[in-house]
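Working notes, beginning with the structure itself.
The values are calculated or read from the model by the stated rules, or taken from the named source; none is laboratory data. Model, not experiment: these values are computed from the prediction. Using ideal geometry, Cβ is built from the backbone for each residue, glycine included, and neighbour counts are taken over all protein chains shown.
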Amino acid sequence: MMRYKEEKDAKKEAFRKYLESSGAVDALTKVLVALYEQNEKPSSALEFIQQKLGGPTIYEYEKLQAEISDLQTKYNELLCKHEDACKELEELKNMHSSVSPSTKETNDGEPLKDEHVEKNS
């Protein structure tokens, strides 16, 4: 039982050192001191802390969420248009390839040469 307590205390100490060495303790202390020194306390202590640490306010967060939603909708619409265009392109390719080489003609009435066939022969 004593060994478990020692291991737990060692983990706590290692975590405390980690927070100190990374600057997290100093940053949190400065923010909490700034909150304490406010003459008029903000309505949301959490929002104050987030803002001081560089995070977005609740309003900014909600605005970003709405922007993400709008962009996702636009992306989905463009993806559908792209898929439709790809299907149409495939249909055109299939129609083009189903026309026999003997029926293909140029603008001046001359039959088209099938370059693919000539290269392979």
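Tabulated results
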{"item": "Sole exception among (1) surrounded by 10 or more Cβ atoms within 10 Å (Cβ to Cβ); (2) farther than 30 Å from Ala24 by Cα; (3) modelled with pLDDT under 95 for Gly55, by number", "result": "(2)"}
{"item": "Selection within the stretch 30-46 - among the small types (Gly, Ala, Ser), under 33 Å from the mean Cα position of the chain (by Cα) and part of a helix (DSSP H, G or I)", "result": "Ala45"}
{"item": "Residue match in the stretch 15-22 (condition: closer than 26 Å to Tyr61 by Cα, without any contact (Cβ under 8 Å) to a residue 40 or more places away in the chain and polar (S, T, N, Q))", "result": "no"}
